[in-house]
Amino acid sequence: MAGLTKPVRYTVLFLVVFTCIAYTWFLLGGAKREYVVTPVNSTYRIIDDTAQNGATESKMEVNKTGALLECNIVKKSQWPFCEIAISLTDHVDKGIDLSDYESVGIDIDYDSPVEGERIRIYLRNYDPAYANLTDPISLKFNAIEYAPGENEGLKTFPLRSFQVLSWWIADYEVPVEKSNRQFDNVSIIEIATGSYVKEAYYAIKLKKISVLW
């Protein structure tokens, strides 16, 4: 820095040090934002096929960070299932805007009679163009399916990997401009047993779920 005045040298030195600190902070993940969903900031509840004349028996234990859902699936209804439904807000029409986030991190243990069986993850979005307060099915199904196994740790999925369920688009006659994935007003997250369950014991242990910027 020869030839520079003392104030200029101090300014240059400050900028160099600040740049190094900022770059290190970025590499360590300081630029990321994470919204962690827990029973402290959300409401956890059970949904199963009993509302559709099914006979599945379900119970759930909730702790500070997650939940354990246990189900005895009974094949009485057309589509037997059980799930953890997480309400992010008190009102389904006033959800959380996740449209600027990039991915979802999920840590789940899945006890199933079928090795490698998938579970279903739904991010439910409210939009008055297709949803109404009296019909919970009318909220958009942004969905993925994957096989979590047991003790496999956190898995991260880009939000762009979620797809809107085709049966929902057809049943609600959703126009093309509203048929794509949508995360600007997400009020419910659902974690459900797979599409082809057997009559058996199932358990979903939710350890962590978060949304990453």
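The values are calculated or read from the model by the stated rules, or taken from the named source; none is laboratory data. Not measured: the values here are computed from a predicted model. Cβ atoms come from the backbone with ideal geometry, glycine included; neighbour counts cover every protein chain shown. These accessible areas exclude ligands, DNA and RNA; they are computed on the full protein's heavy atoms, side chains included. Shrake-Rupley method; radii C 1.70, N 1.55, O 1.52, S 1.80 Å.
As a ratio to 2.2 N^0.38 Å, the alpha-carbon radius of gyration computed for the stretch 165-212 takes the value 1.58.
In whole Å, what is the distance between the alpha-carbon centres of the stretch 155-213 and the stretch 116-150? Computed from Cα coordinates, the inter-centre distance equals 3 Å. Checked against a 21 Å cut-off, the cross-linked pairs K64/K140; K76/K198; K94/K178 give Cα-Cα distances beyond that limit for K64/K140.
Within 15 Å, Cβ to Cβ, of D97, how many net charges do the neighbouring residues add up to if Lys/Arg are +1 and Asp/Glu are -1? Here the charged neighbours net out to 0. Heavy-atom accessible surface of T43, to the nearest 10 Å², is about 80 Å², with a 1.4 Å probe and all protein chains retained.
Remark: accessible surface ordering of I189, I96, I46 (largest first) is I46, I96, I189, probe radius 1.4 Å. For the pair W79 and L165, the difference between a 0.36 nm per residue extended length and the Cα-Cα distance amounts to 29.4 nm. Evaluated with a Cβ-only charge set (Lys, Arg +1; Asp, Glu -1), the stretch 37-87 carries a dipole of roughly 40 debye about its Cα centre, given to the nearest 20. Taking label points 7 Å from Cα along the Cα-to-Cβ direction, K59 and R33 give a separation of 4.1 nm.
Placing unit charges on each Cβ (+1 for Lys and Arg, -1 for Asp and Glu) gives the stretch 68-193 a dipole about its Cα centre, and among T193, I73, V176 the Cα reaching farthest toward its positive end belongs to V176. Shown in residue order for the stretch 155-172 are the 3J(HN,Hα) couplings computed by the Karplus curve 6.51 cos²θ - 1.76 cosθ + 1.60 at θ = phi - 60°: 10, 10, 10, x, 4, 5, 7, 6, 10, 7, 5, 5, 5, 5, 4, 5, 5, 9 Hz (x for Gly and Pro).
Rolling a 1.4 angstrom probe over the protein heavy atoms with all chains in place gives the stretch 36-98 an accessible area of 56 Å² per residue. All alpha carbon pair distances within the stretch 131-189 were sorted into 10 Å bins beginning at 0; the resulting P(r) in whole percents reads 18, 47, 24, 10, 0. Classified by the C-alpha gyration tensor, the stretch 64-166 has an oblate form. Its axis ratio a/c, with a ≥ b ≥ c, is 1.5 or above, and a/b does not exceed b/c. Sparsely packed loop sites in the stretch 70-141 (the GluC sites (Glu not before Pro) outside DSSP H, G, I, E and B with at most 11 other Cβ atoms within 10 Å) comprise E115. Note on V40 and F157: the extension gain reaches 39.8 nm, defined as 0.36 nm multiplied by sequence separation minus the Cα-Cα distance. Give, as ranges by residue number, the residues of the stretch 136-167 whose backbone N falls under 12 Å from the point 7 Å along Cα→Cβ of N180. Output list for this probe position: 160.
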